[in-house]
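Report on the following structure.
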Amino acid sequence: MRLDVNLLDYALIAIYFATVLGIGFAARKAITTRDDFFLAGRGLPAWVTGLAFVSANLGAIEILGMAANGAQYGAMTVHYYWVGAIPAMVFLGVVMMPFYYRSRVRSVPEFLRRRFNPSTQLLNALTFATAQILIAGVNLYALALVMEALLGWPLPVSVVVSALIVLAYITLGGLSGAIYNEVLQFFVILAGLIPLTVLGLIKVGGLGGLADRVRQSALGEGGLHTWSHTASDNPMAAHWIGIVFGLGFVLSFGYWTTNFAEVQRALSARNTNAARLTPIVAAYPKIFIPLITVIPGLIALVLFSDLGGKHDYNDAIPLLMADLLPNGVLGVAVTGLLASFMAGMAANISGFNTVFTNDLWGAHIAKDRDDAYYVRVGRIATVAGVLLGVGTAFIAAGYSNIMEYLQALFSFFNAPLFATFLLGLFWKRMTPWAGFWGLLAGTLAAFASYILYKTGVLDFGTELNASFWGAGTAFVVDLLVSAVVTLVTTPKPAEELRGLVYGLTVDLEDDTLSGDERWYRSPLILGIGALILAAAMYGVII
């Protein structure tokens, strides 16, 4: 797979690195307070936070992992976007962001402390911090895999160089540095992947030629459909119930509405309306991302007969780059992969340093210090997070499809958290200890389901289907335990829940800005438009 990289390609990569570091240095000048470092001063417009929102998710995991899924499971991979992302992103913007933003919390665990108790905050902070380090490790492994295979860089070199770049611009510029770089990275990623997709389609004879060759592959006809084979055999071995409930509801809503690495971008918006628009602005490009991730995976499947054998499914994008791209374009594509890695890892590390500083260190160890102290702790946590991410990169090396590993992590940590949030937002009777025990029980249930699958006690067919059912199990167990504990413990007084529970409002200063009343700034109207567009996309491949 070694690429024929020349001086032009390396020059493009060097220019990108220099630009990223320059943004970090520029953002440093704006940091004077705790909110400046962790929440970009809450002053960014919706288009910036929206692009950062989608870019933070469009990491190396997304690109390599979804292409791997496309090669292994076919067109059904688009469920991760049109069912597994868009409805939840719209729900976050329309329903949940007002609670997050207007409560003035700095993180999701802090919201849980105010809604429930410090024990629930601590539990979620620990699980979230662990998840972010593990996912940062996946990003590091994905990048090292590509750089070693394509450029000949030794694995330790590619890991260390890239980790140092991310470390520099987050340590210097905090969340502002991360967000402005993520906006740049979004366009760099597109510039790298669009030519790869176009050249790949030309080589296989367009969409029609691709479809014909997929029918002749190991996937067969089922590799070209999304819903029509979900009541019988299909490449993912998934039933439509698992897709709708496990992926479309539990995993999707659990990730997009409670994952602080994403929510943090919306919390940095300049007012409530901009915060609500952030995930909805992000939803529109998200609808079309399968065109540059899933389709290349299918192209790789039909071009490389040893994919899934000699080569892991994770190698789909690198193989295409080695086969299709000329110099210059090749440099842009490699830079796009670097950008995707940095966007993903920056989201992980900025989320980790915020939760560690505010919800672990600041809430339980060193309370009531000045802002300068917490900014220093945040920078130290950034260094520690990057180092720990390097250590966990080797866990991901044990998976031939890193997206399967990632979905397992989401079923452990995000699915039960969504159940706790859903009950806590809409059931004011839910008690503080119900939040804690429900979250703990749901997390343990997800682990138990996965262990039973790995030991052969339960047969879910594939790793991804096991994650769907594990997430559903965690969700149901969390709900049941929360309901039982609520019946035998004491709820908080209604006054303490104002602004944290649906129906219990709090009088806050109106932060509406000029122009927010226009239809194209309406979260509801734009959210409905995104849902209609996502549903329409299914009409192409039923």
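The values are calculated or read from the model by the stated rules, or taken from the named source; none is laboratory data. Predicted model, so just to flag it, every value in this text is computed and none were measured. Heads up, the Cβs are rebuilt from the backbone with ideal geometry, glycines too, and the neighbour counts pull from every protein chain shown. Just the protein is used for accessible areas: all its heavy atoms, side chains included, with ligands, DNA and RNA removed. Shrake-Rupley method; radii C 1.70, N 1.55, O 1.52, S 1.80 Å.
In angstrom, the C-alpha Rg and Dmax of the chain are 22.3, 69. Take 378-389, 428-439, 478-489, 339-350 and order them by the average number of nearby Cβ atoms within 10 Å per residue, most first; the result is 339-350, 428-439, 378-389, 478-489. With the charge dipole of the range 395-494 set up from +1 on Lys and Arg Cβ and -1 on Asp and Glu Cβ about the Cα centre, the Cα lying farthest toward the positive end among the listed residues 413, 475, 490 is that of 490.
Taking every alpha-carbon pair under 8 Å whose residues sit at least 6 apart, the chain reaches a relative contact order of 30 percent. Against the chain, whose longest principal axis is taken from its Cα atoms, helix 206-215 shows a tilt of about 90°.
Report note on the peptides 273-285, 240-252: ranked by the mean count of other C-beta atoms within 10 Å, highest first, their order is 273-285, 240-252. Annotated for the chain: lysine pairs at least 8 residues apart or interchain, Cα distance under 29 Å, count 7. Between helix 46-57 and the chain there is an angle of about 60 degrees, using the helix long axis and the longest principal axis of the Cα atoms.
Taking 0.36 nm per residue of sequence separation and removing the Cα-Cα distance, the residue 25/residue 429 pair yields an extension gain of 140.6 nm.
Between the Cα long axis of helix 415-426 and the first principal axis of the chain there is an angle of about 40°, rounded to the nearest 10. Mean residue ellipticity, 222 nm, helices only, the chain: the sum of -39500 (n - 2.57) across DSSP H runs of n ≥ 4, divided by residue count and rounded to 500, is -22500 deg cm²/dmol. Net charge near residue 406, counting Lys/Arg +1 and Asp/Glu -1 over other residues with Cβ under 13 Å of its Cβ? Charge balance in the 13 Å sphere: -3.
Excluding ligands, DNA and RNA, the accessible surface per residue across the range 264-350 is 22 Å² with a 1.4 Å probe. Which FRET efficiency, nearest 0.05, do residue 519 and residue 480 yield, Cβ-Cβ r, R0 56 Å? Efficiency, rounded to the nearest 0.05: 0.85. Listed peptides 65-78, 122-135 appear in the order 65-78, 122-135 once ranked by packing, highest mean of other Cβ atoms within 10 Å at the front. Rounded to the nearest 20, the size of the Cβ-charge dipole of the chain about its Cα centre is 940 debye, with Lys and Arg at +1 and Asp and Glu at -1.
What a 1.4 Å probe finds exposed on the chain is 66% carbon and sulfur by accessible area, rounded to a whole percent. Sites count as exposed loop sites when they are GluC sites (Glu not before Pro), lie in a DSSP loop, and have at most 15 other Cβ atoms within 10 angstrom; the longest stretch of the chain without one is 1-508.
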